[in-house]
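The values are calculated or read from the model by the stated rules, or taken from the named source; none is laboratory data. Note that the structure is a prediction, hence the values are computed from the model and not measured. Neighbour counts run over all protein chains shown; Cβ positions are idealised from the backbone, glycine included. Just the protein is used for accessible areas: all its heavy atoms, side chains included, with ligands, DNA and RNA removed. Shrake-Rupley method; radii C 1.70, N 1.55, O 1.52, S 1.80 Å.
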Amino acid sequence: IKKIAVFTSGGDSPGMNAAIRSVVRTCAFMKIECVGIYRGYEGMIEGDFLPMNARSVNNIINKGGTILKSARCEEFKTREGRQKAYDQLKSEGVDAMVVIGGDGSFTGALLFNEEFGMPVIGIPGTIDNDIFGTRYTLGFDTAINTAMEVIDKIRDTASSHHRLFFVEVMGRDVGHIALNAGVGAGAEEILIPEENLGLERLLESLKRSKLTGKSSSIVVVAEGDKTTGKNVFQLKEYVEEHLPIYDVRVCVLGHMQRGGAPTCFDRVLASRMGVKAVEALLEGKSNLMVGILDDDIAFTPLSEAIKGKTKIDKELIRVSDIMST
Ligand code: F6P
């Protein structure tokens with residue numbers, strides 16, 4: 001292998017720049033060439049490449065977003081699109097690639113490998129923490145800290161006005177952000193897709209909070225939660241109707257959770273994963289994702305990473321239940 005391409009694809013996440021830096025610098029260390037691809041598969045199809053050396057990635061370890069930009073690409077889902085991408089990579093002399101992204105990005109990479117034999121290693125980058133084969137995805141730690149800090153601020157004003165807030169956090173299909181940020185910020189209740197709390201129990205719990213003298217209440221709701229059949233705005237109406245003792249407000253945190261400087265944890269994780277990704281390619285490995293399990297780097301076949309389910313931390317759910325007493 002003489003030249004490795006690196007790109008970010010799908011939704012961005014804090015720590016992607018640190019991972020790009022790690023891949024580029026490891027290539028430089030190993031004395032092989034590295035090229036960045038702008039805008040993920042879209043840029044691959046258009047041949048939007050950037051030759052990179054150790055100095056191209058100065059001062060980015062602390063930056064949110066991705067200097068290579070990211071995109072979700074429809075054309076790459078077609079055989080013609082992938083052929084164009086392959087032709088571009090070949091004319092650039094690329095002979096292996098590192099994709100930093102989520103399951104959609106890995107699915108594309110796997111198909112591409114099947115069709116053209118291009119060796120590929122994946123680095124899991126998404127704030128949702130929903131990729132099988134790694135305890136942590138890049139950006140998750142930053143996102144839960146961002147969400148927690150914002151919820152802390154919401155609690156200040158909630159408490160001044162004796163209010164109840166429904167705070168919606170990201171997590172398309174999973175509740176990892178909600179559960180962790182919720183426990184960290186001391187939420188009264190946390191609604192996640194993995195556990196059906198039920199509306200009755202929510203009302204009971206809110207009633208108890210009021211009776212036992214709590215000055216404010218925060219309910220954290222994962223955006224992907226369907227267990228109550230209601231979104232945050234409908235939940236507000238429901239509680240106002242059934243528990244008129246509450247003055248209720250809603251706050252949807254949205255994309256702020258995807259931005260900002262990565263935490264030290266995410267920077268270190270990204271640095272470790274980038275090194276291993278390049279080393280794996282040089283050892284002749286392919287179709288694997290670099291993950292972290294029990295604090296050690298572990299490889300999982302991309303095919304399992306995209307199909308497997310991540311488990312919610314049941315013990316943390318129990319902790320949350322006890323804390324809401
Ligand atoms: O997968 C990461 C994520 O931020 C989800 O939590 C969220 O549902 C989705 O991406 C939002 O996607 P977009 O930025 O395309 O609106």
In whole µm²/s, the translational diffusion coefficient that Stokes-Einstein assigns to the stretch 201-241, given a Kirkwood hydrodynamic radius over C-alpha pairs, 10 °C and 1.306 mPa s, equals 141
Of the stretch 245-287, those with amide N under 12 Å from the point 7 Å along the Cα→Cβ vector of A298 are none
From the P(r) of the stretch 1-63, could you give the percentage of C-alpha pairs in the tail past 20 Å?
24
Förster-model FRET efficiency, 51 Å R0, E315 and K90, C-beta, rounded to 0.05
0.55
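Which length gain, in nm to one decimal place, applies between I245 and E279 when the Cα-Cα distance is subtracted from 0.36 nm times their residue separation? Write out the running numbers ahead of the final one.
Numbers: separation 34, 0.36 × 34 = 12.24 nm, distance 6.02 nm.
Additional length available on full extension: 6.2 nm.
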Any idea how far apart D152 and K214 come out in nm if each label point goes 7 Å out from Cα toward Cβ?
1.9
Rounded to the nearest 500 deg cm²/dmol, what is the calculated helix-only ellipticity per residue at 222 nm for the chain, with -39500 (n - 2.57) per DSSP H run of length n ≥ 4?
-13500 deg cm²/dmol
Radius, Kirkwood style, for the stretch 86-214 when every pair of distinct Cα atoms is counted (Å):
17.7
Which of the peptides 110-116, 149-155, 8-14 is most tightly packed, and how do the rest follow, going by the mean number of other Cβ atoms within 10 Å of each residue?
8-14, 149-155, 110-116
For the pair A261 and E46, what calculated FRET efficiency results from E = 1/(1 + (r/R0)^6), where r is the Cβ-Cβ distance and R0 = 30 Å, to the nearest 0.05?
0.50
From a point 7 Å beyond the Cα of A54 in the direction of its Cβ, which residues of the stretch 254-284 have a backbone N at a distance under 16 Å?
275
Measure off 7 Å from each Cα along the Cα-to-Cβ vector at I1 and K307, then give the distance between these two points in nanometres to one decimal.
2.5
No Cys partner within the rule (Cβ under 4.7 Å), the chain:
C73, C251, C264
Share of Cα-Cα pairs in the stretch 1-123 lying beyond 22 Å, as whole percent
25
Extent along principal axes [Cα atoms of the stretch 248-325; Å; largest to smallest]:
57, 28, 22
With a 1.4 angstrom probe the carbon and sulfur portion of accessible area for the chain, in percent, totals 51
Angle between the chain longest axis and helix 264-282 axis [Cα atoms, degrees, rounded to 10]
30
Using alpha carbons only, how many degrees (0 to 90, rounded to 10) separate the axis of helix 232-242 from the longest principal axis of the chain?
10
Angle check, please: helix 314-323 long axis (alpha carbons) against the longest principal axis of the chain (alpha carbons), in degrees 0 to 90, nearest 10.
30
Convert 25 °C to kelvin, take the viscosity as 0.890 mPa s, use the Kirkwood radius over C-alpha pairs of the chain as Rh, and evaluate the Stokes-Einstein diffusion coefficient in µm²/s, rounded to a whole number.
119
